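The block underneath contains the structure these notes are about, expressed in structure tokens.
The values are calculated or read from the model by the stated rules, or taken from the named source; none is laboratory data. This one's a predicted model, so the numbers in the text were calculated from it and none came from an experiment. Don't worry about glycine lacking a Cβ; one is built from the backbone with ideal geometry, like all the others, and counts go over all protein chains shown.
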Amino acid sequence: MTTENAGLAKKLGYTNVRAFLDGIPAWIKEGYPVYASYEFVAKGNIVLLDLRKDGAAIEGRIPRAVVVPYSTLEKRANDIPRNAPVVLYSDNEEEVLNAYQDLLDDGFKNVSLVPGNYKGWVDWQYGVIVKGPIFSNEIRWVRQLGKGEVSVDEFRKATKGELPDVFVIDARTDEEIAEFGIFTNTVNIPLDEIPKRLNEIPKGKRIFVHCSTGARADLAYHELVKNGYDVKFLLLDITDPECDCEIIKPKLN
Amino acid sequence: MKKIKLTLFIPIAIMLAFLSFGCAKDMGKPSAAAKPAAVETQKQADNVYTGSVTGKSNKAKTVSIQVGQGDAAVTHMLKFDDKTTGLEFAEQGEAAIITWEQRGEDKFATVIKPKLAKLPEGVTEIKVDELFKLVEDKSPITLVDARPPFRYNPAHIPGAINIPVPVLKEKGAAVLPADKNSLIVFYCQGVT
């Protein structure tokens, strides 16, 4: 879309148009900072960290911020969900940039900063603040389901046979199932065989598809959508305790 | 950490439109949604899919590619084997051209090539360090993030304004600087 926009600008008569083709990934890779919009800081499904020293946040902080003074960030890093967009602010620009770099070095992929730091927020016309004592510094975040995803709870119900209108597909290979077993009320159709085994998949039912991590299930999801199915997929490592679905173990012989 | 001093905070235009466009996905599609059915039929006939790779499974030996945009987008899944060339280009989000053949009931990818960005006439590329210098020095540039708002809002380059392709198409010069000789830099999620 960079090239398309650049082309449009040229057509509109702009003479000095350049394209940063490497884009955001290259910018972040260099350790250069990226910023969230204020709206996103206010309403996004984020982990918002206030890095200022103890006390500053009592005088005023951004709503939903968790106080993690920069000196404690390293210790708290394991409490931050890896998939969450993490937004940082402080009252010290060097400090917030260091924290940004620390988290990138630690493997966090979605880190950004509040434009203008704490002062920027206060100066923003809608930048309300919260004052007073802080009762919790627990970092809480719940992932929202993406397009086509089924919740673990609903998926588990289907494998228990509690959702008669659902047909569950295990898209793993025969070998994986021979080794690990298969969930109850589930039919195995390996991902690569789905296109030629559509006749085994009922059109009148909702389809849930899973694999070992969700990667193949995602691909199966798209294949089934293309073929007109009402389908959802499970984005979860099925060895995660959260899955908790009953398994028919392979027979040992 | 490079020495960074950024205090550039140009007021940001917040676009409320929700538009579902990717970035790399944009390649290989000069006119958006123009006769997707006809294009699709022709591509089928040629046994070539041009689009954005949506995923690859080494266990199932399949690669999936999305052809077309928005409601007209169709995702095709192809098998691959040891003879398939260019598998390194079949990474999620990459723009690719996949040639395939029918073998029995299966479609097999034979050749995978990257779809490279073609710069429009008169537009030059800028690399990350040069752009950083411009931003750091607060040079008078207009920096435009061409991604949809759901990508812009969580993380963008300081000072960037958000103008997705459909917005620029609709509003034209009204959302760009008045001075047509001033420097405009566009960026998105990157295409490699």
Problem set entry | Failed item in (1) at the interface with chain A (Cβ under 9 Å from one of its Cβ atoms); (2) under 30 Å from A:G31 (Cβ atoms); (3) polar (S, T, N, Q), with B:S139 passing the rest | (1)
Seminar exercise, completed: Of (1) surrounded by 18 or more Cβ atoms within 10 Å (Cβ to Cβ); (2) within 19 Å of B:I161 (Cβ to Cβ); (3) at pLDDT 95 or above; (4) at the interface with chain B (Cβ under 8 Å from one of its Cβ atoms), A:T3 satisfies every one except (3)
Exercise. If only one of A:E94, A:E39 is within 14 Å of chain B (Cβ to nearest Cβ), more than 23 Å from A:W141 (Cα to Cα), out of contact with any strand residue (DSSP E or B) (no Cβ under 7 Å at 6 or more places or on another chain) and not in a loop (DSSP other than H, G, I, E, B), which one is it?
Worked result: A:E94
Problem set entry | Count - residues of the stretch B:117-136 that are in contact (Cβ under 8 Å) with a residue 12 or more places away in the chain and more than 7 Å from chain A (Cβ to nearest Cβ) | 3
Seminar exercise, completed: Condition set in contact (Cβ under 8 Å) with a residue 24 or more places away in the chain and more than 7 Å from chain A (Cβ to nearest Cβ), scope the stretch B:165-192, selection surrounded by the most Cβ atoms within 10 Å (Cβ to Cβ): answer is B:V167
Exercise. Just wondering, is there one or more residues in the stretch A:19-35 that are over 16 Å from B:P158 (Cα atoms), out of contact with any Gly (no Cβ under 8 Å at 6 or more places or on another chain), of a type in the set (A, V, I, L, M) and facing another protein chain (nearest Cβ under 9 Å)?
Worked result: yes
Seminar exercise, completed: Heads up, the strands (runs of 3 or more DSSP E) in the stretch A:116-226 (entirely inside) with at least 3 residues that are within 26 Å of the chain's Cα centre (by Cα) and farther than 30 Å from A:V66 by Cβ are A:166-170, A:206-210
Problem set entry | Meets criteria (modelled with pLDDT under 95 and in contact with a strand residue (DSSP E or B) (Cβ under 6 Å, 6 or more places away or on another chain)) for B:K118 | no
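Residue-wise test of (1) within 30 Å of B:P149 (Cβ to Cβ); (2) modelled with pLDDT of 95 or more.
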site: A:Y35; (1), (2): yes, yes
site: A:Y38; (1), (2): yes, yes
site: A:A42; (1), (2): yes, yes
site: A:D50; (1), (2): yes, yes
site: A:D54; (1), (2): no, no
site: A:G60; (1), (2): yes, yes
site: A:V67; (1), (2): yes, yes
site: A:Y70; (1), (2): no, yes
site: A:I80; (1), (2): yes, yes
Exercise. So A:S112 fits all but one of (1) polar (S, T, N, Q); (2) under 30 Å from A:P250 (Cα atoms); (3) not assigned by TED's automatic domain parsing to the domain that holds A:S212; what number is the exception?
Worked result: (2)
Exercise. Residue check: is A:V114 surrounded by 15 or more Cβ atoms within 10 Å (Cβ to Cβ), within 29 Å of A:D240 (Cα to Cα) and within 14 Å of chain B (Cβ to nearest Cβ)?
Worked result: no
For this session: Could you tell me which numbered condition A:L88 fails, if it satisfies all but one of (1) outside any loop (DSSP other than H, G, I, E, B); (2) away from every other protein chain (no Cβ under 14 Å); (3) modelled with pLDDT of 95 or more?
Result: (2)
